[in-house]
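Values quoted throughout were computed directly from the atomic coordinates according to the rules given, and no laboratory measurement underlies them. This one's a predicted model, so the numbers in the text were calculated from it and none came from an experiment. Positions of Cβ are generated from backbone atoms using ideal geometry, with glycine treated the same way; all protein chains shown enter the neighbour counts.
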Amino acid sequence: MKKVEVLKDGKRIDGRGPLKMREIDVKLDIISRADGSAKFSFGNTVAIAACYGPRLLLPKHLQEEKGGIIRFRYNMAPFSVDERKSPGPDRRSIELSKVIKEALACSVFLEDFPRATLDVYVEILNADGSTRIASTNAASLAMASAGVPMRDLVCAISVGKIDDTLIVDLNGIEDNNSEADLSFGMLPSKDEVVLLQMDGRLTKEELLKLLDLAKENCLKIYELQKKVLKGKYGVEDVE
Ligand code: ADP
């Protein structure tokens, strides 16, 4: 099979330079029934998240005395990809739900709400690479917007390597043709990594460089997330 040319004269298929993220669009409170909700998109990858709770977990035998739990569901809508995706959970969505939930759980003071659950749902409306990343950013914003007690926001980004070039924010074609890709999430104010998955092969130097790039771009996403949250509450930036 002919290899797809994803990098030409230093430019990517969508015209970006290697280290440029796609355009990011963030909106809060798009689902009126939810306690908090958000949309987060990287170019054509669009995730919406809705957060309900913390609320009493039922049935009772599932309750945890020492703290609340998070129930998280990642789902790709059947119309989010070219070929209809069959509805319902599959191995991939079960894995993504687990890793994103664990990343989000690191950010929440779960001990503050024993016997409760925080229910967070993400729907991918349009998938063009890095959907777990857009989901994580959307979910964290939805939780913050719901007023969940949190240590920090979770910020996430994908990085990778194509034709020996390191790139940031992989789209779908890049994801399918990369030599390596890495999904990364962190709590910026704690400098704590909460999501790290990798596919492919990298040298130690490349990995360290990609981790630096991931952190650098997470900080940009952090600023955007804070800006929309401050906008919601009418808080000015204090320098
Ligand atoms: P992520 O979206 O987090 O990068 P994957 O690496 O599993 O997760 O998927 C990469 C991309 O492949 C997705 O963003 C999407 O564009 C595409 N993709 C994933 N699952 C499907 C599917 N069932 N049908 C068509 N495209 C898919």
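Take every Cα pair under 8 Å whose residues are at least 6 apart in sequence, average their separation, divide by the length of region 8-232, and the relative contact order is 21 percent. Histogrammed with a bin width of 5 Å, the alpha carbon distances of region 36-163 distribute as 2, 12, 20, 23, 18, 13, 7, 4, 1, 0, 0 percent, first bin at zero.
Descending by average beta-carbon neighbour count within 10 Å, the peptides 130-140, 25-35 line up as 130-140, 25-35, the highest first.
Between D82 and I173, the contour length at 0.36 nm per residue exceeds the Cα-Cα span by 31.5 nm. From largest to smallest, the equivalent ellipsoid semi-axes obtained for region 20-101 from the alpha-carbon gyration tensor read 27, 18, 12 Å. Across region 1-97, the relative contact order, built from alpha-carbon pairs under 8 Å that are at least six residues apart, equals 13 percent.
Descending by average beta-carbon neighbour count within 10 Å, the peptides 100-113, 219-232 line up as 100-113, 219-232, the highest first. If the segment from D212 to I30 were pulled out straight at 0.36 nm per residue, it would be longer than the present Cα-Cα gap by 62.2 nm.
In the chain, helices alone account for a calculated mean residue ellipticity at 222 nm of -9000 deg cm²/dmol, with every DSSP H run of four or more residues adding -39,500 (n - 2.57). Inverting the pair-averaged 1/r between distinct Cα atoms of the chain gives 18.4 Å as its Kirkwood hydrodynamic radius. If every alpha-carbon in region 1-65 counts as one equal scatterer, what log10 I(q)/I(0) does Debye give at q = 0.19, 0.24 1/Å? Listed by q, the Debye log ratios stand at -0.84, -1.00.
Grab the beta carbon distance between D14 and K60, set R0 = 45 Å, and tell me the FRET efficiency rounded to 0.05.
0.35
Across region 49-147, the mean sequence separation of Cα contacts (distance under 8 Å, 6 or more residues apart), normalised by length, yields a relative contact order of 48 percent. Could you tell me the distance between the Cα centroids of region 122-150 and region 156-197, to the nearest Å? Region 122-150 and region 156-197 have Cα centres separated by 16 Å.
Any chance you could run the full-extension gain for Q197 through K98? It's 0.36 nm times the residue separation minus the Cα-Cα distance, nm to one decimal. If you can, show how the numbers build up before the last one.
Details: separation 99, 0.36 × 99 = 35.64 nm, distance 1.24 nm.
Gain in length upon complete extension: 34.4 nm.
Checking Cβ-Cβ separations below 4.7 Å across the chain identifies C51, C106 as cysteines lacking any candidate disulfide partner.
For every other residue with a beta carbon closer than 12 angstrom to the beta carbon of S80, add +1 if it is Lys or Arg and -1 if Asp or Glu, then tell me the sum. Charge balance in the 12 Å sphere: -2. Legend: P(r) of region 167-231 from all alpha carbon pair distances, 5 Å bins from 0, whole percents, reading 4, 15, 24, 23, 17, 10, 5, 2, 0.
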